[in-house]
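Taking it in order: structure first as structure tokens, then the write-up.
The values are calculated or read from the model by the stated rules, or taken from the named source; none is laboratory data. Nothing here was measured: the structure is a model prediction, and the numbers come from that model. Cβ atoms come from the backbone with ideal geometry, glycine included; neighbour counts cover every protein chain shown.
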Amino acid sequence: MKKKLLSMILATSMIATVLVGCGSDSAQTAAPAEEAATEEAAAEEEAPAEDAAAEEEAAPAAAAGTKVGVSMPTKDLQRWNQDGANMQAELEAAGYEVDLQYASNDVQTQVSQIENMISGGANVLVIAAIEGSSLGEALDMAKAANIPVIAYDRLLMNSDAVSYYATFDNYMVGTKQGEYIVDALDLDNAAGPFNLEITAGDPGDNNAGYFYNGAMDVLKPYIDEGKLVVVSGQVSFEETATPTWATETAQSRAENILSSNYADGTQIDVWLCSNDSTALGVENALAANYNGEYPIVTGQDCDIENVKNMIAGKQSMSIFKDTRTLASQVVKMVGQILSGETVDVNDTETYDNGTGVIPSYLCEPVFADINNYKELLIDSGYYAESDLQ
Ligand code: BGC
């Protein structure tokens, strides 16, 4: 029934309606955005500016004056600076006006920045949330203004204003970290037991659970069998989480774990860290509080400080998420949305934001270590060699 209504709406000249509809078609799911489309039908007259845009449907993606609001969580972590810069460069190259804002990890700031983008005439919003569930007001406002929303890297939760999601395969990030540990310790052959500690991510970030679950699905059998022993006893996501992914928080928790469990000379063999900012905290704690044989430490993002630590033997691996790939994919999505084309998605099952499955495009994360970082990071132009010195 909804689908039928949707096809009728697709025949109208409202660009925003076309946008939302094409995602639903390509996804072939009951995407929450369909509801927005039905409401838009009633509100048709309210969008005079959009009629003009729709007449240019066959024209190149970026009609003159088309504005994209890009909302990023913080400048504190390297990756978001790269994400923002890549998005801006690629969108501008495609002819869009860009309103790029960073919210200093403050939810209220992010809400007002998004509201300003909406009142400033954004045609599409691309949002990497600080906290996936806290942008309700701003997202309601976007929906009321018929502005499609793409959740960027982190899923926006419990809102039916979200049209699409573009990210890296978050569960695969975790399985790659887990598999690295299995191989590095040769867990299938070595007798063990090996001592493991775990530092997970921010409970306010939907990705953090996927990273944790991906890694734990690989490691749990070895924990159950007693080959991996979590000496601190802190195993659950809740016990190991790091609010806002803060390096300092990860560091002080690691210091406590080391002084309570390893000060007597007990060897720590591996520290599973969900990402690089938390790995950095663990590495700082190890440097100051641990004299035994250095453990395997995992990470994610290939941040410069962490790649330097990888070169120095203080971090064993990271996951390379080429933010250029994600930016290109999102710019493509923006163009497809605005021109009413079918939007490229490759996952219509995994990411339910509480209002339904959000059609998603998952990029593939890549494993990086001392042996391949040059090829991945330098030869590809992601970093200059001098960045890592
Ligand atoms: C991203 C990770 C990042 C973390 C902290 C997550 O949502 O997917 O790449 O390390 O946030 O910024």
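Details
- A residue that is within 16 Å of the ligand (Cβ to nearest atom), assigned to a strand (DSSP E or B) and modelled with pLDDT of 95 or more cannot be found anywhere in region 129-136.
Let's see how each residue does on (1) in a loop (DSSP other than H, G, I, E, B); (2) out of contact with any strand residue (DSSP E or B) (no Cβ under 7 Å at 6 or more places or on another chain); (3) among the aliphatic types (A, V, I, L, M):
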{"residue": "M216", "(1), (2), (3)": "no, yes, yes"}
{"residue": "Y222", "(1), (2), (3)": "no, no, no"}
{"residue": "T244", "(1), (2), (3)": "no, yes, no"}
{"residue": "E248", "(1), (2), (3)": "no, yes, no"}
{"residue": "E255", "(1), (2), (3)": "no, yes, no"}
{"residue": "L258", "(1), (2), (3)": "no, yes, yes"}
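- Filtered residues of region 119-140 (kept if surrounded by 18 or more Cβ atoms within 10 Å (Cβ to Cβ) and more than 19 Å from the chain's Cα centre (by Cα)): A122, N123, A138
- In region 62-76, the residue that is nearest to V126 (Cα to Cα) out of those that are assigned to a loop (DSSP other than H, G, I, E, B) and aliphatic (A, V, I, L, M) is A62.
- Qualifying residue in region 108-116 (condition: within 15 Å of the ligand (Cβ to nearest atom) and modelled with pLDDT of 95 or more): yes
- Region 172-207, subset within 16 Å of the ligand (Cβ to nearest atom), in a helix (DSSP H, G or I) and closer than 23 Å to E225 by Cα, residue nearest to the chain's Cα centre (by Cα): G174
- Every condition in (1) more than 16 Å from the ligand (Cβ to nearest atom); (2) touching a Gly at 6+ places or on another chain (Cβ under 9 Å); (3) farther than 17 Å from V182 by Cα is met by V229 except one, and the failing one is (3).
- Residue in region 322-334 that is part of a helix (DSSP H, G or I), free of Cβ contacts under 8 Å to residues at least 24 places away in the same chain, away from the ligand (no atom under 15 Å from the Cβ) and not aliphatic (A, V, I, L, M) present: yes
- Among (1) closer than 23 Å to G201 by Cα; (2) at pLDDT 95 or above; (3) in contact with a helix residue (DSSP H, G or I) (Cβ under 8 Å, 6 or more places away or on another chain) - the single one V334 does not satisfy: (1)
- Cβ-Cβ contacts under 9 Å between residues 6 or more apart (or on different chains), taken from a first residue in region 361-389 that is free of Cβ contacts under 8 Å to residues at least 60 places away in the same chain to a second residue that is of a type in the set (A, V, I, L, M, F, W, C) and part of a loop (DSSP other than H, G, I, E, B), are listed as I378/A384.
- Matching residues, region 234-288, being within 12 Å of the ligand (Cβ to nearest atom) and either of a type in the set (V, I, T) or touching a Pro at 6+ places or on another chain (Cβ under 9 Å) (or both): T242, P243, T244, T247, T278
- Subset of region 77-110 (residues that are in contact (Cβ under 8 Å) with a residue 12 or more places away in the chain, more than 15 Å from T323 (Cβ to Cβ) and in contact with a strand residue (DSSP E or B) (Cβ under 9 Å, 6 or more places away or on another chain)): Y96, E97, V98, D99, Q101, A103, Q110
- Looking only at region 264-290, and only at residues there that are of a type in the set (S, T, Y) and in contact with a strand residue (DSSP E or B) (Cβ under 9 Å, 6 or more places away or on another chain), the one that is nearest to V230 (Cα to Cα): T266
- Any hit, region 312-321, residues being buried (at least 24 other Cβ atoms within 10 Å of the Cβ), hydroxyl-bearing (S, T, Y), under 17 Å from the mean Cα position of the chain (by Cα) and not in a loop (DSSP other than H, G, I, E, B): yes
- The residue list F168, F194 contains one member that is in contact with a Cys (Cβ under 6 Å, 6 or more places away or on another chain) and either in contact (Cβ under 8 Å) with a residue 40 or more places away in the chain or over 21 Å from S133 (Cβ atoms) (or both), which is F168.
- Among the candidates E293, E375, the residue that is at pLDDT 95 or above, assigned to a loop (DSSP other than H, G, I, E, B) and surrounded by fewer than 16 Cβ atoms within 10 Å (Cβ to Cβ) is uniquely E293.
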